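Asks: Handing you this structure, nothing more for now.
The values are calculated or read from the model by the stated rules, or taken from the named source; none is laboratory data. For clarity, every value in this text was computed on a predicted model and none was experimentally measured. Glycine gets a Cβ as well: all are built from the backbone with ideal geometry, and neighbour counts include every protein chain shown. Each accessible area value is taken on the protein alone, full model and side chains, heavy atoms only, with ligands, DNA and RNA left out. Shrake-Rupley method; radii C 1.70, N 1.55, O 1.52, S 1.80 Å.
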Amino acid sequence: MTNFKLNEVELEAAFQSRIDSEQKIEPKDWMPEGYRKNLIRQMSQHAHSEVIGMQPEGNWILRAPTLRRKIVLLAKVQDEGGHGLYLYSATETLGITREELIDALHEGRAKYASIFNYPSLTWADVGTIGWLVDGAAIVNQITLQRTSYGPYARSMVRICKEESFHQRQGYEALMVMAQGSPEQKKMAQDSLNRWWWPVLMMFGPHDAESANSAKSMKWKIKRKSNDELRQAFIDQTIPQVEYLGLKVPDPDLKWNQERGQYDFGEIDWAEFERVIGGNGPCNRQRLEHHRRVDREGQWVRDALAAYEAKQQARSAA
Amino acid sequence: MKDKQDDLINYVIALGDDSLILGQRLSEWCYHAPFLEEDLALANVALDFIGRAQMFYEYASQLETRVLKENARSADQIAFLRDTRDYRNLLIVELPIGDFAFTMARQFTVDVFNQLYLQQLVNSTDSTLAAIAGKAIKETDYHLRRSQEWMLRLGDGTDESHQRMEKALKELWGYTAELFTMSAYETALLRDGISIDRTALCSDWRKIVTELLQQATLKVPSDEWQVTGGREGLHTEHQGDILAKMQYLQRTYPGLEW
Ligand SMILES: [Fe+2]
Ligand SMILES: [Fe+2]
Ligand SMILES: [Fe+2]
């Protein structure tokens with residue numbers, strides 16, 4: 001018997017040359033197991049983040065101060081759920097089910113963005129999350145529009161459009177407060193104080209310490225390094241902070257004329273590790289909420305399955 | 001003339017209250033639904049109702065402006081700055097969301113009613129109300145398709161879902177009578193063809209609901225009890241809980257822009 005199958009080394013070389021020439025990898029294409037695993041990890045983490053992120057903002061839907069704000073917020077949280085759905089589907093193209101991905105989340109094997117382990121304590125936080133958290137996500141996701149895996153790249157194109165919309169809405173909500181009463185200004189500043197550093201942490205550890213980075217860059221799953229993205233975010237955000245008349249809680253922040261970029265202080269990496277390690281203010285609450293809702297919805301999903309089975313039996317008869 | 005204007009304002013606000021309070025209740029499901037698709041769908045329905053409330057309140061605000069000039073309330077003031085006794089919504093919309101069966105049973109009974117009601121309201125001699133109804137009826141067609149489907153799924157799903165659904169129907173049945181109860185201001189507006197005769201919709205509603213419940217293998221609850229009062233501001237205790245949350249920022253920081 002002749003074996004036309006290329007061996008693993010040849011396949012991998014062909015794969016890498018496709019990546020190097022900026023061709024997209026599609027679900028049916030051969031891919032190294034490590035590439036597939038790496039993508040599942042990153043894409044499902046992204047999907048879980050969209051869904052868990054519904055909690056801190058959803059927390060304010062019932063308390064939104066005007067009808068318009070209520071509509072905008074509810075629609076935003078709904079969008080995030082849609083992003084989650086879209087990303088779960090894209091991840092499923094890699095041969096894994098949404099149920100498996102959610103099990104991994106519930107069992108602590110999969111992560112979500114650590115930023116959502118912080119609480120949304122005031123109405124200003126809704127604005128700040130839209131402006132800064134969605135803003136940071138966009139900086140990352142814009143580069144992911146060119147990621148090597150086709151379904152992921154395409155989902156990023158669509159999601160980015162909505163995220164920029166969220167960012168503008170968040171900024172606008174905060175602007176009203178920053179120009180409002182002394183209490184509102186104080187609320188806005190307090191919110192920025194609490195979210196600034198956690199948002200910078202969203203870009204992950206320094207490049208040198210980032211465990212998954214090298215491989216991800218080689219495979220063009222990731223297109224820019226953590227530190228590059230963080231710097232880009234700071235450079236674009238500081239003028240927006242100044243326009244609001246607010247101040248970031250970083251005494252070391254200053255414009256560096258030579259570099260043409262902002263210098264900024266060191267992130268508290270101990271806090272980063274602490275929150276990622278499960279000791280943020282809301283880790284248990286976020287995960288437990290997701291587990292509880294999943295448990296409570298089981299009878300509905302069972303009913304749906306039973307009804308569909310009956311329908312099929314009827315149409316077969 | 002002034003009385004007639006008051007009747008119209010009260011009527012429009014009552015319709016707004018029905019939409020707002022139901023929308024507020026439905027939005028409680030966002031990130032609490034049995035699966036992600038349902039989070040999105042329930043949020044969609046909630047958005048329709050809150051948007052509808054906004055249209056009614058904007059109109060009420062315009063009507064007030066004609067009479068009260070600069071002392072008229074804005075839509076948000078109407079929505080957020082009244083106390084329990086001044087809200088005019090039907091009791092059925094203020095009841096807590098309960099389990100998914102209760103939410104869907106309520107939605108179904110209200111959707112059937114809304115469809116019948118809006119089909120009439122599009123012919124209102126008040127062109128603004130007719131226009132709002134014209135937009136709302138398309139949304140309601142979609143809401144009803146959904147809630148109807150869920151009645152079938154849960155009624156004819158598992159034993160547990162069937163039991164939960166029958167329990168839900170029993171718990172809310174006595175509140176459905178109010179859908180067909182005319183308030184004084186609605187009656188007053190009837191002669192000019194502005195409002196709708198709710199009592200006339202009852203038999204059609206019953207027919208549609210009964211047929212679907214039968215199809216869903218569910219019993220139609222008996223009419224042993226009924227409670228009304230929402231239109232006169234005689235609410236359940238749940239109304240206060242809704243308002244405490246909804247009005248929190250407006251009450252804590254009075255008179256600010258958000
Ligand atoms: Fe998103
Ligand atoms: Fe995102
Ligand atoms: Fe977003």
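Asks: Conditions first: (1) over 27 Å from residue B:42 (Cβ atoms); (2) among the small types (Gly, Ala, Ser); (3) more than 12 Å from ligand 3 (Cβ to nearest atom); (4) more than 13 Å from chain B (Cβ to nearest Cβ). Residue A:136 passes all but one, so which condition is the exception?
Replies: The single condition residue A:136 does not satisfy is (3).
Asks: Same structure again: Residues in region A:99-133 that are within 14 Å of another protein chain (Cβ to nearest Cβ), within 28 Å of residue B:249 (Cα to Cα), surrounded by fewer than 24 Cβ atoms within 10 Å (Cβ to Cβ) and more than 16 Å from ligand 1 (Cβ to nearest atom): how many?
Replies: Here the count works out to 2.
Asks: Looking at the structure I just gave you, is residue B:35 buried (at least 19 other Cβ atoms within 10 Å of the Cβ) and aromatic (Phe, Trp, Tyr)?
Replies: No.
Asks: Within region A:134-171, how many residues turn out to be under 19 Å from residue A:56 (Cβ atoms) and either acidic (Asp, Glu) or away from ligand 2 (no atom under 16 Å from the Cβ) (or both)?
Replies: Total meeting the criteria: 4.
Asks: May I ask you to list the residues in region A:257-275 that are in a strand (DSSP E or B) and in contact (Cβ under 8 Å) with a residue 12 or more places away in the chain?
Replies: Answer for region A:257-275, where residues must be in a strand (DSSP E or B) and in contact (Cβ under 8 Å) with a residue 12 or more places away in the chain: A:261, A:262.
Asks: Answer yes or no as to whether residue A:274 is within 14 Å of chain B (Cβ to nearest Cβ) and open to solvent by 40 Å² or more (accessible area, probe 1.4 Å).
Replies: no
Asks: Consider only pairs whose beta carbons are under 9 Å apart and that are at least six residues apart or on different chains; among these, list those whose first residue lies in region A:278-296 and is outside any helix (DSSP H, G or I) and whose second residue is at pLDDT 95 or above and open to solvent by 70 Å² or more (accessible area, probe 1.4 Å).
Replies: These pairs meet every condition: A:280/A:274.
The rows are residues; the columns are (1) in a loop (DSSP other than H, G, I, E, B); (2) within 14 Å of another protein chain (Cβ to nearest Cβ); (3) in contact with a Lys or Arg (Cβ under 8 Å, 6 or more places away or on another chain); (4) on the phi > 0 side of the Ramachandran plot.
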{"residue": "B:130", "(1), (2), (3), (4)": "no, no, no, no"}
{"residue": "B:133", "(1), (2), (3), (4)": "no, no, no, no"}
{"residue": "B:138", "(1), (2), (3), (4)": "no, no, no, no"}
{"residue": "B:142", "(1), (2), (3), (4)": "no, no, no, no"}
{"residue": "B:145", "(1), (2), (3), (4)": "no, no, no, no"}
{"residue": "B:151", "(1), (2), (3), (4)": "no, yes, no, no"}
{"residue": "B:154", "(1), (2), (3), (4)": "no, yes, yes, no"}
{"residue": "B:160", "(1), (2), (3), (4)": "no, yes, no, no"}
{"residue": "B:163", "(1), (2), (3), (4)": "no, yes, no, no"}
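Asks: For region A:172-225, enumerate the residues that are assigned to a loop (DSSP other than H, G, I, E, B) and within 14 Å of another protein chain (Cβ to nearest Cβ).
Replies: Correct list: A:179, A:180, A:181.
Asks: A further question on this structure: Return a yes/no flag: does region B:162-171 have any residue that is touching a residue at least 12 places away in the same chain (Cβ under 8 Å), open to solvent by 10 Å² or more (accessible area, probe 1.4 Å) and hydrophobic (A, V, I, L, M, F, W, C).
Replies: no
Asks: Within region A:33-75, can you find the residues that are touching a Leu at 6+ places or on another chain (Cβ under 8 Å), more than 15 Å from ligand 3 (Cβ to nearest atom) and within 17 Å of residue A:91 (Cα to Cα)?
Replies: Listed by number, the residues that qualify are A:36, A:39, A:40, A:43, A:44.
Asks: Let me ask something else about it. Go through (1) in a helix (DSSP H, G or I); (2) more than 8 Å from every other protein chain (Cβ to nearest Cβ) one by one and return the number of the condition residue B:46 breaks.
Replies: Going through the list (1) in a helix (DSSP H, G or I); (2) more than 8 Å from every other protein chain (Cβ to nearest Cβ), residue B:46 breaks only (2).
Asks: Another question about this same structure. Return yes when residue A:96 is part of a helix (DSSP H, G or I) and open to solvent by 10 Å² or more (accessible area, probe 1.4 Å) and no when it is not.
Replies: Against the criterion (part of a helix (DSSP H, G or I) and open to solvent by 10 Å² or more (accessible area, probe 1.4 Å)), residue A:96 does not qualify.
Asks: Give me the residue from region B:83-99 that is within 14 Å of chain A (Cβ to nearest Cβ) and either in contact with a Phe, Trp or Tyr (Cβ under 8 Å, 6 or more places away or on another chain) or open to solvent by 10 Å² or more (accessible area, probe 1.4 Å) (or both) and, out of that set, farthest from residue B:54 (Cα to Cα).
Replies: In this case the residue turns out to be B:99.
Asks: Give me a count of the residues in region A:142-171 that are closer than 23 Å to residue A:235 by Cβ, open to solvent by 10 Å² or more (accessible area, probe 1.4 Å) and away from every other protein chain (no Cβ under 14 Å).
Replies: Count: 10.
Asks: State yes or no: is residue A:66 in contact with a helix residue (DSSP H, G or I) (Cβ under 8 Å, 6 or more places away or on another chain) and within 16 Å of ligand 1 (Cβ to nearest atom)?
Replies: So residue A:66 does not fit the description; no.
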